[in-house]
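First up is the structure itself, then whatever we jot down about it.
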Amino acid sequence: MYRVFSTRLILFGTALAWSALSGAALAADASGQPSTAQPEPPAARQAPDETAVKRATLDNGLQVVIIPNRLAPAVTTVMNYDVGSRDTPEGFPGMAHAQEHMMFRGTDTLSAAQISAISAAMGGQFNADTQDEVTQYYFTVPAAYVNVALRLHAERMKSVKDAQADWAAERGAIEQEVARDLSSPSYVAYTRLREQLFDGTPYAHDALGTKDSFDATTGKMLKAFHDKWYAPNNATLVIAGDVDTKATLATVRRLFGGIAKRPLPETAPVKLSPVQAKPIRMPTDAGYGLAYLAYRAPGTDDPQAHAAAQVLAKILSNPRGALYSQLVATGDSLGTQFAVDGLRSSGIAFAAAAFPAGADSDKLVERMRAILGDIGANGVDADAVEDAKRQLITQAAAEQDSIPGQAMAWSQAVAIDRMPSPQAELNALEAVTPEAVNALAGRMLAADNSVLTVLTPQGSGAPSNSGGFGGGESFTPKHVEDVTLPEWAAKPLARIEVPHPTTKPVVSKLDNGMRLIVVPTQATRAVHVYGSIRTEPALQAPARQEGIDAVLDQMLSFGTKKHDRVAYQAALDAIGADTTTGTDFSLVVLPDHLGRGLDLLAENELSPALPKKAFDIVRPQIAAATAGTIGSPDFHAGQAMKRGLYPKDDPSLRHATAESVNSLSYDDLTAYYRQVFRPDLASLVVVGHVDPAAVKKDVERAFGGWQAKGDAPDVDLPPVPANEPATIQVPDDAKVQDTVQLAETLGLHEDQRDYRALELGNQVLTGGFYASRLYRELRAERGLVYYIHSGIDASRTRTHLAFEYGALPDKVATANRLIADALTQMIDAPVSAAELHRARAELIRQVALNQASADAIGGGLLSRIERGAPLDAPYRAAAAYQKIDADEIQAAFKQWIRPDDLVRVIQGPAPG
């Protein structure tokens, strides 16, 4: 894949993506009461212990950084090559991206099948991305296999095949990726905006590339590109996780030390000219519009100026700030955000505001310009700067409470930003002064040198039913050939062991019925709190009150009975925490502020202000947003799938309309809150370096007074019968590529052995990239799709098999038949011994990998509570995978899978 700027706009709990990748959007948390939990010393909390980090530069120039992290028995390795889209030849903007793809197609010593089989057998968490100035390849693997992952990195540094025949096949997949992104109006607008900001420089294009340039690219050209840039003296290897740093460095020296350094080309210079701004106006298939004002920002080559830009962005995104207060809180915008992303020589800062269909976007843009111009002219106050710095410090700590996140944070700092460490970037943030922020705001915002982009919502046609596309030709997928692995991989990967839990959750229940799970670990810097109240609006919303849950969710942002909206946010800002509220709620805070953070979190959940004046603003906001949403292709596709899967009177088919939202009364809102927010359906998970007994005291103080009234409501949707087949076409005028979903209902539950057998079979179909049947057939051999995902999904009462892929319209019929034929083949014949071994290895080894971050630990526990599964369900599943054989998988597919009954929803142009 390739990576573009990363930010998102948070609107009514939904992430509205500006770009292909979403980044973190942080809130804040605050107050003064000391916690009874045991904090670490501040220096250890706020930064990694860099004395434990091992660094080296090999004789051939390879930079190595090894960071020990005992959060889980897992390791992430990231190979960062200092080459990206800015280094591509004239006329070939996607060459770095194309070479990234081809690194999975084989080397002089490894075939593509071997690379995929080895990667899958380690647990299957691997990928790559191409950015403007770096190309990254990464694995997250069980700690026992770090040497295997490092060997793969070394083999691909030494050589790559780049055979013309392989490129001819891969070109189909990468052109599908191009089609996918050209189907996104936000992405197209982003590319046009970028061209204006950086005209005449290597930053004028991103890493994606174009179909025409890929058609002109050859394997020989790609090989030359690899040989020019993929050298040890142009790379930084970052390793984070449960490793012995001394032994791991010795392995790195052995594997990479013999690779010769090479002369490196000059990096293309960036010479910026004045921006010649022309407004960009485009339609969007989203249910809401977006207005952006984009500015050039400092690059990371000036770390102090870039740090000031980050502080300014955090201030302008704060709910206490002018954008939110003057646009969202007044009802003039659905949501606002300000973000900054830095390249080395420059960056992009932008303000974003969402608006409903039919709104006056010109008036909204005029307001945005006035607000930002005032900030540029008059600046921000010193307290806002300190608040923003606290938020960014907490955010940085939380990002490293993850083994992959820590590896990426070090890669960003060292390989991309060319700083000594993440702590060095934090030091730059801490040194930011109000004067520096205001000087930057004056340069960047006061003179209107922005590029305006407006995306206006525009609906597409209504969905249509069809008997299907194409004829009855069969394309029975080939088995993935049994791959012989090299001894250095085969020997360590041969034995599959069922893992044992590495965390020890402490489970208790408050007197009011609230469930509390504390997961103590010394491997985190922040404390992460995850909460959930079991709810189902389709069952709990009274008749003709659809949408009341969305209104309530937005109302929770207007403060508490103790603190109004601004005062509540100020209390959060004082301790630099990240919070979310609602039936899913969370807190991220440094340990010495945990007690106060829990108090504030509980205050919003238990005693929200729900001001009547705000209700009169929020209700029309939600009604307008709903009107746009239900006219969007995404909504039509979702509803089409539900209608195909479920009976016509199923509760899940209920949805909000502008009329249902506008008919809501304030009494309806408060009654719904009292019905839904109750402790006996609530669970709280706390992950961090804490004492469980002390945490329980904090939680009891904060949440113990919460009481439920009456019997708990039924929040489980009723079981459903087997669905009938259907094919629905959902027009989407913005797309050039179809997004295709296929699904069917299954009549079994997660606790049944057959469920685990189906999971193993699903892994044979799509797990492990080219090592799987469908990835190999649909992408590697035929180039029909860029991606294909599938899964077995279960709730307490419903289970589904689902696939999703993206393809050009003339490829859809073939891809659909291949998927159905693949399911039939699973019914007709057992999987091979090699396929079963690989599927077992992936699923069993993923258990440890899914404990490699605080978010994975906390989110996983809450997910199991929601599904009614045992807290140790992943380990029970691993034991089952080890015992299930090929005949059981075949029998399970024969019992439960119905290839002819798939519901197909095709969103985009009509398939050919």
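The values are calculated or read from the model by the stated rules, or taken from the named source; none is laboratory data. Bear in mind that the values here come from a model prediction, so they are computed numbers and not experimental data. With ideal geometry, Cβ positions are generated from the backbone for all residues, glycine too; neighbour counts draw on all protein chains shown. Heads up: the accessible areas ignore ligands, DNA and RNA and are worked out on the full protein's heavy atoms, side chains in. Shrake-Rupley method; radii C 1.70, N 1.55, O 1.52, S 1.80 Å.
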CD proxy, 222 nm, the chain: helix-only mean residue ellipticity via -39,500 (n - 2.57) per DSSP H run with n ≥ 4, per residue, nearest 500, stands at -12000 deg cm²/dmol
Could you report the chain's accessible area per residue, 1.4 Å probe, as an integer in Å²? 36 Å²
Report the label-to-label distance for ALA370 and LYS613 in nanometres (one decimal), using points 7 Å from each Cα along the Cα→Cβ vector. 2.0 nm
Quick one: length gained pulling ASP511 to LYS894 fully straight, 0.36 nm per residue minus the C-alpha distance? 133.1 nm
Describe numerically, in nm with one decimal, the distance between label points set 7 Å from Cα along Cα→Cβ at HIS500 and at VAL736. 5.6 nm
Which lysines have a Cα less than 21 Å from the Cα of LYS228, not counting those fewer than 8 places away in the same chain? LYS158, LYS161, LYS220, LYS261
Please find the FRET efficiency linking LYS246 to ARG70, where r is the Cβ-Cβ separation and R0 is fixed at 25 Å, and quote it to the nearest 0.05. 0.95
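Which net charge results for the neighbourhood of SER557, defined as the other residues with beta-carbon distances under 13 angstrom from its beta-carbon, given Lys and Arg at +1 and Asp and Glu at -1?
-1
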The FRET efficiency for ASP810 and ALA168, from their Cβ-Cβ distance with R0 = 22 Å and rounded to 0.05, is 0.75
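Length gain on complete extension for the stretch GLN522 to LYS562, per 0.36 nm per residue less the alpha carbon to alpha carbon distance?
The span from GLN522 to LYS562 would gain 10.9 nm if fully extended.
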Please give, to one decimal in nm, the separation of the simple spin-label points placed at ASP691 and ARG674, each 7 Å out from Cα toward the Cβ. 4.0 nm
Say the dipole of the chain comes from +1 at the beta carbon of Lys and Arg and -1 at that of Asp and Glu; which of MET95, THR267, LEU208 then lies farthest toward its positive end? THR267
Förster radius 51 Å - calculated FRET efficiency between MET282 and LEU539 (Cβ-Cβ, nearest 0.05): 0.80
Only one of the listed values, (1) 72, 71, 70; (2) 114, 79, 64; (3) 67, 63, 56, was derived from the coordinates as Cα extents along the principal axes in Å; which label is it? (3)
Taking only Cα atoms of the range 211-279, radius of gyration then Dmax in Å: 19.4, 57
Find the relative contact order for the range 73-159 and round it to a whole percent, using C-alpha pairs within less than 8 Å whose residues are 6+ positions apart. 42 percent
Length-normalised contact order of the range 379-436 in % [C-alpha pairs under 8 Å, at least 6 apart]: 38 percent
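Please report, as a whole percent, how much of the solvent-accessible surface of the chain comes from carbon and sulfur atoms (probe radius 1.4 Å).
About 50 percent, which is the carbon plus sulfur part of the accessible surface.
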Gained length - ARG753 relative to ASP383, 0.36 nm times residue gap less alpha-carbon distance: 127.4 nm
